[in-house]
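S.K.: Encoded as C-alpha cells, here's the structure I'll be asking about.
The values are calculated or read from the model by the stated rules, or taken from the named source; none is laboratory data. Note that the structure is a prediction, hence the values are computed from the model and not measured. When we count neighbours, we look across all protein chains shown, and the Cβ atoms used for this are built from the backbone with ideal geometry, even at glycine. Side chains are part of the model used for accessible areas, which takes the heavy atoms of the whole protein and leaves out ligands, DNA and RNA. Shrake-Rupley method; radii C 1.70, N 1.55, O 1.52, S 1.80 Å.
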Amino acid sequence: MYTKRIFSPRDLLIWTRRELVLLLGIAVVPVVLYDVLDQRWIYLPWLPIALVGTAVAFILSFQNNAAYDRTWEARKIWGGIVNSSRAWAMMVNDFISNRVATEPATDAELRKIRQRLVRRHVAWMTSLRHALRASRPWEHVNQEKTNREWAARIQIREHHVSLAEDIADSVEPGEGPAVCGRANPAAQILALQSRDLAGLRERGLIDDFRHVRMQDVLNELVYGQGKSERIKNFPYPRQYATLNLTLLWIFIVLIPFGLVREFAELGEEIASVAPALSQRFVWLSVPFSLVVMWVFHTIERIGRTTENPFEGSVNDVPISTMSRAIEIDLRQMIGDDPASIPAPLEPKHSTQS
C-alpha cells in the first residue's frame, strides 16, 4: 500500500545526466593527452588504482548499509504510528461513553468529543510531517538540481502549505495559533490530547482503566515522534560522508589513466589484423571508463540520498501518503460523513510522497 517505484534505468540516467557529462569529460582528457597530443607517458599502473578502488568499495558498502538501516528504521517507526493511530481511534470510539459518567453527555456531545480527539490526532500527524519535512543543512534534496527537479515533480505538500493552514480544520478554534506558536507543535498537540483525557476522566466519560489504556497509546505516539526526530536531527556521520566523497573522486579521476594504456596495448596487439581500428582502439577506453565511473558514483549518490528518509526525496518514507491513509481509516471508524473524508493521495509519476 505504501510502496514506491525504484528508479527505472531511464529515470536513473535522467537523474544522473549532469554527472554523466562531467564523467565523460574526465574520461576523454587522458585519451586526448595520450593519443592526440602524443603524450605516451600519460598513464598509471592498475595496482594503485585497484587498491584505491577496494577502499572505495568498502566505504560505499558501509555507507549504503547504514543509509538503508536508517530508512528501514524510519519505515518501522511509521508502521508503529499507523498501528497506534488505529488503536487510538478504536479506543476513542468504544471507551468514551456514559457508563460511569458523573456528568452524562448527550449522544451529540459524545460524537463531538470523539471527532475532536480523532481530528486532533490528524493534526498531530500533520504537525509531525511538517517537522520531519523541514530542511536541515546536511540534507541533499535541495542541494542538487536533479533532486530539486524530482521534488518539484512529486510536489511535497509540506513544502508548499503552512502548518497553520494544514491543521486549521483539524483542531478546535484557538488551538491552531497556540500550537503553531510553540517550538514543537506536535508535542503540544499530544499534551492537549492528554489534558482532554484528564477532563473526560473527571466527568466519568472514561473510567480509570480505560484512561490508563488511552494514555498508554499517547505514550506510544510520543515514542514514535521521538524516534522520528532522532533520525531527522542526527545525520549520517559527516566524517564518513566526507571521506566517502573524497576517495570516490580520487578513484574516478584515476580510472581513465589506468584504462588508457590497457586499451592502447590491446590496439597494438590487433594491429596485424585490423590496422585501421588499432590506431584508434585507445578511444574505446572512454566508454569503459565512463561505465565504471558512473556505477561507483551512482552507488554513492543513491546512498547519500537514502540516508535522510524524511527530507522529501523520491525514495524517502512516504509519510504524506501514509498519514492520509491513516486519516481516512480513523474518520471512517468514527462514522464521519464520507463526503467530508479526503481521498487517498495518488502517486505522481509512479512515486508516493
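S.K.: Using alpha carbon centroids, what distance separates the stretch 74-108 and the stretch 223-281, in Å?
M.R.: The two parts, judged by their Cα centres, are 54 Å apart.
S.K.: What's the magnitude of the charge dipole for the chain around its Cα centre, counting Lys and Arg as +1 and Asp and Glu as -1 at the beta-carbon? Answer in Debye, nearest 20.
M.R.: Numbers: 41 positive and 39 negative charges, 64 e Å.
It works out to roughly 300 debye.
S.K.: Hey, can you rank 248-260, 283-295 by average C-beta count inside 10 Å, highest first?
M.R.: Most protected by this proxy first, the peptides run 248-260, 283-295.
S.K.: Moving on. Can you tell me which of LEU163, LEU37, LEU247 moves the most in a GNM of the chain? Springs connect C-alpha atoms under 10 Å apart.
M.R.: Highest fluctuation among the options: LEU37.
S.K.: Mind giving me the FRET efficiency for ALA134 and VAL222? R0 is 25 Å, r the Cβ-Cβ distance, nearest 0.05 is fine. Walk me through the numbers on the way to the answer.
M.R.: On the way: r = 19 Å, r/R0 = 0.78.
Step by step, r from the Cβ atoms, then E = 0.80.
S.K.: Using the basic label-point model (7 angstrom from Cα toward the beta carbon), what is the ARG280 to ARG195 distance in nanometres?
M.R.: With each label point 7 Å from Cα toward Cβ, the separation is 7.8 nm.
S.K.: Ratio of the stretch 155-220's C-alpha Rg to 2.2 N^0.38 Å, to two decimals? Please list the in-between numbers first.
M.R.: Details: Rg = 14.6 Å, N = 66, 2.2 N^0.38 = 10.8 Å.
Rg over 2.2 N^0.38 Å, computed on Cα atoms: 1.35.
S.K.: Just want to confirm a number: the relative contact order over the chain, from Cα pairs under 8 angstrom separated by 6+ residues, in percent. Don't skip to the answer; put the middle values down first.
M.R.: Values: 393 pairs, mean separation 123.5, N = 353.
Relative contact order of the chain: 35 percent.
S.K.: I've got another one for you. Find which of LEU33, PHE95, ASN64 sits farthest along the positive direction of the dipole of the stretch 6-128, computed with +1 on the beta-carbon of Lys and Arg, -1 on that of Asp and Glu, about the Cα centre.
M.R.: PHE95
S.K.: In a shell of Cβ-Cβ distance under 12 Å around PRO185, excluding PRO185 itself, what net charge do Lys and Arg (+1) and Asp and Glu (-1) give? It would help to have the intermediate numbers written out before the result.
M.R.: Values: positive: ARG120, ARG129, ARG182; negative: ASP166, GLU175.
With Lys, Arg at +1 and Asp, Glu at -1, the net is +1.
S.K.: Work out the count of Lys pairs in the chain where the Cα-Cα distance is under 18 Å, with the pair 8 or more places apart or on different chains.
M.R.: On the way: LYS4/LYS76; LYS4/LYS348; LYS76/LYS227; LYS76/LYS232.
For the chain, qualifying lysine pairs total 4.
S.K.: Follow-up question, since we're still on this one. Run the helix sum for the chain: -39,500 (n - 2.57) per DSSP H stretch of 4+ residues, divided by residue count, reported at 222 nm to the nearest 500 deg cm²/dmol. All intermediate terms of the calculation are to be shown ahead of the outcome.
M.R.: On the way: 13 runs with 239 residues, N = 353.
Helix contribution divided over all residues of the chain: -23000 deg cm²/dmol.
S.K.: Can you pull the accessible area of LYS76 for me, 1.4 Å probe, Å² to the nearest 10?
M.R.: Counting only protein heavy atoms, the figure is 120 Å².
S.K.: Peptides 190-196, 114-120: what's the order by average Cβ count within 10 Å, highest mean first?
M.R.: Values: 190-196: 16.7, 114-120: 19.6.
Descending packing order for the listed peptides: 114-120, 190-196.
S.K.: Just to check I understand the Karplus step: with θ = phi - 60° and J = 6.51 cos²θ - 1.76 cosθ + 1.60, what whole-Hz values come out for the stretch 305-320, glycine and proline as x?
M.R.: Ordered by residue, 3J(HN,Hα) equals 7, 9, 6, 10, x, 10, 6, x, 7, 4, 9, 6, 5, x, 5, 5 Hz.
S.K.: Still on this model: Just by accessible area at a 1.4 angstrom probe, what is the order of ARG301, ARG148, ARG136 from largest to smallest? Walk me through the numbers before you get to the answer.
M.R.: On the way: ARG301 0, ARG148 105, ARG136 60 Å².
Final ranking, largest accessible area leading: ARG148, ARG136, ARG301.
S.K.: Note the per residue figure in Å³ for the convex hull of the C-alpha positions in the stretch 223-284. Don't jump to the answer; show the numbers that get you there.
M.R.: Values: hull volume 7.0 nm³, N = 62.
It comes to 114 Å³ per residue, whole-number rounded.
S.K.: Give me the accessible area per residue for the chain, probe 1.4 Å, as a whole number in Å². Can you show the working numbers first?
M.R.: On the way: 17400 Å² over 353 residues.
For the chain, the per-residue accessible area is 49 Å².
S.K.: If we count every other residue with Cβ under 11 angstrom of SER84's Cβ, Lys/Arg +1 and Asp/Glu -1, where does the sum land?
M.R.: Surrounding charge for SER84 is -1.
S.K.: Could you work out how much longer the chain between ASN98 and VAL161 gets when fully extended? Use 0.36 nm per residue separation minus the Cα distance between them, nm to one decimal.
M.R.: Numbers: separation 63, 0.36 × 63 = 22.68 nm, distance 3.98 nm.
Difference between extended and current length: 18.7 nm.
S.K.: Further, regarding this structure: Semi-axes of the stretch 169-271's equivalent ellipsoid from the Cα gyration tensor, sqrt of 5 times each eigenvalue, largest first, rounded to whole Å? It would help to have the intermediate numbers written out before the result.
M.R.: On the way: eigenvalues 803, 49, 28 Å².
Computed over the stretch 169-271, the values are 63, 16, 12 Å.
S.K.: Continuing with the same structure: In nm, to one decimal, how far is the LEU51 label point from the ALA66 one, both placed 7 Å along Cα→Cβ?
M.R.: Between LEU51 and ALA66, the label points sit 2.5 nm apart.
S.K.: How big, on average over all directions, is the shadow cast by the Cα convex hull of the chain, in nm²?
M.R.: One quarter of the hull surface, i.e. the mean projection, equals 21.8 nm².
S.K.: What FRET efficiency, computed as 1/(1 + (r/R0)^6) with R0 = 41 Å and r the Cβ-Cβ distance, is obtained for ARG111 and LEU243, rounded to the nearest 0.05? Walk me through the numbers on the way to the answer.
M.R.: Numbers: r = 59 Å, r/R0 = 1.44.
Computed FRET efficiency for ARG111 and LEU243 comes out at 0.10.
S.K.: Where does the charge balance sit around TYR68 when Lys and Arg score +1, Asp and Glu -1, over other residues with C-beta under 12 Å from its C-beta? It would help to have the intermediate numbers written out before the result.
M.R.: Numbers: positive: ARG70, ARG75; negative: ASP69, GLU73, GLU307.
Neighbourhood net charge equals -1.
S.K.: Another question, then. If a paramagnetic tag sat 7 Å from the Cα of ILE341 along the Cα-Cβ line, which residues of the stretch 170-184 would have the backbone N under 19 Å from that point?
M.R.: 170-171
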